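Colleague: Here it is: the structure, laid out below.
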Amino acid sequence: MASLNVSSVLLVLFLTCWAVMATKENDQIIKENNCESTMGLPCVLEAFTSIFNTGSISNKCCGELVVLGKVCHSALVKRTLENPLFKDLNPATIIAKSIQTWNNCLALIDSPSPST
């Protein structure tokens, strides 16, 4: 019985350390890449809504998201998921929506504009 308790404590300790390291890693990526000052607030809100809620992102904001870069985009989404306010969200669903938003924006920005 004692070994079960020790194993349980070690597992909780490991998971806690892993979560703290993930948070520090995302924070470090965000800081090193100056991720938080690249997009304007209206576009941050559009991107957030398209990923964490139901909404779309405009062409202008897609452009800002692509300039932000995939590394920053991923780190910001992961850091948001670590926030206790979002604990009830399914991380797999959010990551899938994040990837879909990124890919849609990338395709939009990479596609040639129609001639006028």
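Derivation of every value follows stated rules applied to the coordinates shown; laboratory data play no part. Predicted model only: the values in this text are computed from it and were never measured. We place every Cβ from the backbone using ideal geometry, glycine too, and count neighbours over all the protein chains shown.
Colleague: Of all residues in the stretch 76-93, how many are touching a residue at least 40 places away in the same chain (Cβ under 8 Å) and under 21 Å from PRO42 (Cβ atoms)?
Modeller: Number of matching residues: 2.
Colleague: Please count how many residues of the stretch 47-82 are buried (at least 20 other Cβ atoms within 10 Å of the Cβ) and hydrophobic (A, V, I, L, M, F, W, C).
Modeller: 11
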